[in-house]
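> First the structure, then my questions, so here it is.
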Amino acid sequence: MFILLIVLIKTATQILFLPVLKIIAIIFIAAIPLKALEQIVKGRLSQESYDLGEKVWPYTGLNNFAILSRAHKDMNVLKAVAEQQTVYELQRKETDIDTYVVVIGESARRANLSLYGYSRLTTPNIDKERANLFIFKQAVAPAPVTLMVVPNVLSRRTINDKGIDKLNDNVVNLAGQAGFKTYWLSKQGKINKYDTLITAIANAAENKEWLNGGYDNTLLPRFVKILNENDVEKKLIILHINGSHKNACTKYPESEQVFKNGRSSIEDCYDNSIHFTDKILGEIFNHLRNKKASLLYFSDHGQTIKIKRGQIDYTHAVVHPTKEGLDVPQFIWYSPKVPVNSRKTGEYKEVYPTEDNYYLIHDWMGIEKINELNTHSVLSTSFIPRKKIQVIDTDLNIFNYQDLPLDEIKPYQN
Ligand SMILES: [Zn+2]
């Protein structure tokens, strides 16, 4: 036992002095005081939302640790949300739609979809459906990273109002109380399953599953099974996919490679990942075509194009974002089985904050809160457009979207 201990200590010491690990350790240790100092100078340490680990780790380049740090903090929020129950006074109006599907995309940059005029044909399946679509021409995410976006988009929480009660007031709870059977299928990681604010909303679903391994298309068999369950009249199915998250080259099978020899292999992979998401959406449309169904797709946030080591790179616009870091695709699709009078197709041309999707989704589903006019849903006759659209970055700076700069690098041209 004693000898074993000595060997263990010896091995551990040897490992510690391996050069690579040493460099990582030095970077990390140096980053903590430097970042903390910067925050003290900025007077941020007193801020309620400040979290040292989350702020420090991104500077070491080890972003997963930042997520873990945030996740740990979110555990308490999860508990608090689970303990709370928002009870609504609701009424349901008939929409002629029984199956509602929400697809939450990942890191899809609006300008890279041919639906929005990109020179590469990245979204042939969505493009074909144009007559069945209501397209948001200028949808804008509230923040440049998933964890800061998805909770706000699906709940009443906003960048300016982060109360737990607002998180509990979400579209899954609303749908459940309005008599819908609710499903949450996720291709995002286990961290999301156990520890994040997104989970707080997913947990409100009657059926929730996190599917690990493989590509986004592994959701489809489960999705089809849910569609064929005939035990309820109305369903809300939320699919949270991996889409085009960095490293986009790993988000689709090799056989699905369509674009190559462009400006950079990163850009080629990125466009291939958009093309693969389009293929999955095309399959979903086909499964829904014979049902009274409608689908809402949006991406959580966009990406900014930068030059990294002399190469075109796609990345999250974390601090001081460009417009493209937040510009997202969003549309509502209606199956041909939905009567024409019950569809709203065409375009919404103005700048639209996806934070208002909470209002849009329950209005789309025909759910009305008694004594509350839904003025933030573009589908509503009471809609009043927002005068000012604010966004937040990962350093918690708040900006007016209109004031943000554009990417210096323009989209790829064939
Ligand atoms: Zn994301």
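The values are calculated or read from the model by the stated rules, or taken from the named source; none is laboratory data. This is a predicted model, so every value here is computed, not measured. Backbone-built Cβ (ideal geometry, glycine too); neighbour counts: all protein chains shown.
> What number of residues within segment 101-128 are surrounded by fewer than 22 Cβ atoms within 10 Å (Cβ to Cβ) and either touching a strand residue (DSSP E or B) at 6+ places or on another chain (Cβ under 6 Å) or assigned to a loop (DSSP other than H, G, I, E, B) (or both)?
Count: 5.
> In the list Leu296, Leu236, Leu281, Leu220, which residue meets the criterion of being surrounded by fewer than 18 Cβ atoms within 10 Å (Cβ to Cβ), in contact (Cβ under 8 Å) with a residue 12 or more places away in the chain, among the aliphatic types (A, V, I, L, M) and touching a helix residue (DSSP H, G or I) at 6+ places or on another chain (Cβ under 7 Å)?
Of the residues listed, the single one that is surrounded by fewer than 18 Cβ atoms within 10 Å (Cβ to Cβ), in contact (Cβ under 8 Å) with a residue 12 or more places away in the chain, among the aliphatic types (A, V, I, L, M) and touching a helix residue (DSSP H, G or I) at 6+ places or on another chain (Cβ under 7 Å) is Leu220.
> Another question, if that's okay. Of these, Gly61, Gly53, which one is outside the structural domain of His301 (by TED's automatic domain parsing), at pLDDT below 70 and touching a His at 6+ places or on another chain (Cβ under 9 Å)? Spell out the reasoning first.
Values: Gly61 fails: touching a His at 6+ places or on another chain (Cβ under 9 Å).
Matching residue, one of Gly61, Gly53: Gly53.
> Answer yes if at least one residue in segment 176-189 is closer than 30 Å to Leu396 by Cβ, crowded, with 23+ Cβ neighbours inside 10 Å and either outside the structural domain of Asn112 (by TED's automatic domain parsing) or away from the ligand (no atom under 16 Å from the Cβ) (or both), and no otherwise.
Scanning segment 176-189, I find at least one residue that is closer than 30 Å to Leu396 by Cβ, crowded, with 23+ Cβ neighbours inside 10 Å and either outside the structural domain of Asn112 (by TED's automatic domain parsing) or away from the ligand (no atom under 16 Å from the Cβ) (or both), so the answer is yes.
> So, one more: Out of everything in segment 134-172 that is crowded, with 21+ Cβ neighbours inside 10 Å and either more than 16 Å from the ligand (Cβ to nearest atom) or not assigned by TED's automatic domain parsing to the domain that holds Gly243 (or both), what residue ends up being farthest from Leu90 (Cα to Cα)?
It comes out as Phe136.
> Considering segment 79-100 alone, what residues qualify as being assigned to a helix (DSSP H, G or I) and in contact with a Leu (Cβ under 7 Å, 6 or more places away or on another chain)?
Val81, the sole residue that qualifies.
> Another question, then. Could you list all residues from segment 304-320 that are over 19 Å from Cys269 (Cβ atoms) and within 13 Å of the ligand (Cβ to nearest atom)? Reasoning before the result, please.
We begin by selecting, within segment 304-320, every residue over 19 Å from Cys269 (Cβ atoms); these are 318-320.
Listed by number, the list holds a single entry, Val318.
> Which of (1) away from the ligand (no atom under 16 Å from the Cβ); (2) of a type in the set (D, E, K, R); (3) at pLDDT below 95 is the odd one out, the single condition Arg263 does not satisfy?
Of (1) away from the ligand (no atom under 16 Å from the Cβ); (2) of a type in the set (D, E, K, R); (3) at pLDDT below 95, only one is false for Arg263: (3).
> If I go through segment 234-252 residue by residue, how many of them are more than 23 Å from Ala111 (Cα to Cα), out of contact with any Gly (no Cβ under 8 Å at 6 or more places or on another chain) and away from the ligand (no atom under 16 Å from the Cβ)? It would help to see each step written out before you state the result.
The first filter runs over segment 234-252 and keeps only residues more than 23 Å from Ala111 (Cα to Cα), leaving 234-238.
Within this subset, residues satisfying the condition of being out of contact with any Gly (no Cβ under 8 Å at 6 or more places or on another chain) are 235-238.
Those still in the list that are away from the ligand (no atom under 16 Å from the Cβ) too: 235-237.
Counting residues in segment 234-252 that are more than 23 Å from Ala111 (Cα to Cα), out of contact with any Gly (no Cβ under 8 Å at 6 or more places or on another chain) and away from the ligand (no atom under 16 Å from the Cβ) gives 3.
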